1. In segment A:218-249, how many are facing another protein chain (nearest Cβ under 10 Å) and over 20 Å from the mean Cα position of the chain (by Cα)?
2. Before we move on, is residue B:261 touching a helix residue (DSSP H, G or I) at 6+ places or on another chain (Cβ under 8 Å) and crowded, with 24+ Cβ neighbours inside 10 Å?
3. Report, by residue number, each residue of segment A:50-66 that is closer than 18 Å to residue A:245 by Cα and not in a helix (DSSP H, G or I).
4. Does residue B:267 satisfy being at the interface with another protein chain (Cβ under 10 Å from one of its Cβ atoms), surrounded by 22 or more Cβ atoms within 10 Å (Cβ to Cβ) and without any contact (Cβ under 8 Å) to a residue 60 or more places away in the chain?
5. Can you find a residue in segment B:109-123 that is without any contact (Cβ under 8 Å) to a residue 40 or more places away in the chain and surrounded by 20 or more Cβ atoms within 10 Å (Cβ to Cβ)?
6. Could you look through segment A:107-130, keep only residues that are within 14 Å of chain B (Cβ to nearest Cβ) and surrounded by 15 or more Cβ atoms within 10 Å (Cβ to Cβ), and pick out the one that is farthest from residue A:157 (Cα to Cα)?
7. Among A:164, A:147, which is the only one that is more than 18 Å from the chain's Cα centre (by Cα) and either farther than 18 Å from residue A:217 by Cβ or modelled with pLDDT of 95 or more (or both)?
8. Filter segment A:251-270 down to residues that are within 30 Å of residue A:216 (Cβ to Cβ) and crowded, with 19+ Cβ neighbours inside 10 Å and give me whichever is nearest to the other protein chains (Cβ to nearest Cβ).
């Protein structure tokens with residue numbers, strides 16, 4: 001829910017070419033952004049090397065240690081059937097990160113393509129695309145995601161597709177808006193005058209100018225995507241058990257409220273990951289936005 | 001103003017078309033035979049054929065869509081596949097629950113966010129301001145479903161102050177109803193109140209730095225009058241707009257809130273519809289939620305226009 005705050009008004013400007021090195025330097029100057037990036041890198045590494053990092057098998061059941069509080073053996077305690085919570089959190093990062101990055105990548109690819117074509121071609125096509133985007137955006141994003149999952153059925157891939165769909169309109173709108181500004185620029189007019197094809201203009205003249213702000217916007221959307229993923233998992237519409245996922249662990253905790261560790265740690269993990277994504281997104285925005293400095 | 005309202009309403013028409021078509025298309029996109037989903041696997045071939053004909057699945061898509069839309073507009077939302085209950089009656093019992101939840105959440109968010117934001121802006125840079133801003137930043141990032149669980153753990157399990165979940169209609173027992181609604185509303189309104197706080201603080205700081213505040217102070221207006229009458233009045237516009245912008249997110253949170261606190265509202269109706277593959281109530285609930293959100297957005301824009309005479313209508 002909170003990640004959606006960023007979509008209120010998008011005022012990203014086309015990134016200036018050749019600012020990559022400077023942008024990276026500016027990014028590294030921001031403590032919170034760097035902290036977020038460090039956490040994310042650790043999380044990704046933990047997810048990739050989960051079998052070696054996790055102290056236990058995430059699906060191994062310790063019958064004699066059901067719902068034990070945090071201890072030296074089980075750092076964050078065990079869950080309702082005696083599985084190690086910290087191991088499940090580490091493995092749970094796999095599903096969550098996969099869905100978040102997958103969904104944002106799909107939304108970026110599809111949305112940016114639609115925006116490029118719609119803005120470049122213009123006319124009735126542009127009108128239709130924008131009206132459809134308006135219609136999709138009239139849906140609260142979780143409700144649209146639920147509608148998609150209702151049709152396709154719950155699974156990791158479908159959760160990814162559902163979250164991607166909720167993000168496509170805004171990517172398309174962002175790219176289209178910039179293309180509308182760029183296509184009046186002299187260099188685009190010149191390319192058209194010497195007979196460059198539409199495809200060439202879009203790929204070589206328009207895309208390089210919008211890619212910076214698209215990437216920044218993508219990083220701003222990751223926290224919202226993670227919250228959406230956790231929400232779907234919480235509702236039982238993500239990965240099927242016994243595959244561990246943070247949202248589903250949190251949902252289980254509702255039945256074991258007096259054993260605080262079962263609910264506190266998965267929630268804390270989601271909270272910190274959302275914060276990290278937020279800090280990275282804000283840092284990227286500030287690093288690429290040359291005018292606000 | 002009249003022309004502005006008319007223009008806004010006309011703008012809504014294509015959006016309504018897309019929204020209704022998307023909800024309608026859920027049936028078209030179902031993998032396999034839709035009658036399998038609608039009737040279950042017990043139905044005979046004859047029943048399937050009859051339903052296919054009744055639903056118009058044997059006709060072209062635009063005809064099917066128009067028939068579906070006309071049926072909805074005439075108030076016929078179909079029946080629940082599972083309980084055989086008319087969907088219209090389900091809506092009648094569930095809409096009030098969700099309405100109370102959202103309205104109370106918004107009221108609570110304003111009641112929490114607005115005063116804290118004003119205090120923070122007046123104490124700018126001092127410890128009070130810093131503390132309030134930390135609360136605000138965490139409130140925005142805190143996943144609301146986790147906040148809900150923490151609230152139950154604290155207020156119900158540990159302290160035993162409030163019942164953990166359940167629902168009593170407000171006209172049956174208002175006190176019991178409110179005791180059950182406090183935690184869901186706090187959870188649902190959490191990030192909205194944090195956003196209102198942030199927006200209020202920023203807008204108040206902006207307004208307090210304007211010349212007319214200095215003028216008002218120079219005239220000898222009391223501190224309270226300056227804050228309420230001069231600064232807050234002008235700061236209200238961005239605050240109202242943040243409420244409108246975030247309403248969609250608030251409604252998205254309704255689903256999980258109703259699941260956690262066992263509230264029989266539209267959100268639960270959606271989830272039950274998904275799990276039971278019961279499409280008539282599912283589609284109706286989704287349509288209601290989206291149209292509700294669109295209505296709130298429209299009202300916000302109109303309030304915005306009414307508040308700010310400078311907005312060109």
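The values are calculated or read from the model by the stated rules, or taken from the named source; none is laboratory data. Just so you know, these numbers come straight off a predicted model, no measurement behind them. Glycine gets a Cβ as well: all are built from the backbone with ideal geometry, and neighbour counts include every protein chain shown.
1. 0
2. On the way: touching a helix residue (DSSP H, G or I) at 6+ places or on another chain (Cβ under 8 Å): yes; crowded, with 24+ Cβ neighbours inside 10 Å: yes.
So residue B:261 passes the test.
3. Listed by number, the residues that qualify are A:54, A:55, A:56, A:57, A:58, A:59, A:60, A:61.
4. No, not satisfied.
5. no
6. Here is the first cut: in segment A:107-130, the residues within 14 Å of chain B (Cβ to nearest Cβ) are A:124, A:126-130.
Within this subset, residues satisfying the condition of being surrounded by 15 or more Cβ atoms within 10 Å (Cβ to Cβ) are A:126, A:129-130.
Working: A:126: 30, A:129: 25, A:130: 27 Å.
If we take residues in segment A:107-130 being within 14 Å of chain B (Cβ to nearest Cβ) and surrounded by 15 or more Cβ atoms within 10 Å (Cβ to Cβ), then A:126 is farthest from residue A:157 (Cα to Cα).
7. Working: A:164 fails: more than 18 Å from the chain's Cα centre (by Cα).
Testing whether each residue is more than 18 Å from the chain's Cα centre (by Cα) and either farther than 18 Å from residue A:217 by Cβ or modelled with pLDDT of 95 or more (or both) leaves just A:147.
8. First, pick out the residues of segment A:251-270 that are within 30 Å of residue A:216 (Cβ to Cβ): A:266-270.
Then keep just the ones that are crowded, with 19+ Cβ neighbours inside 10 Å; that gives A:266-267, A:269-270.
Values: A:266: 8, A:267: 3, A:269: 10, A:270: 5 Å.
Restricting to residues being within 30 Å of residue A:216 (Cβ to Cβ) and crowded, with 19+ Cβ neighbours inside 10 Å, the top hit is A:267.
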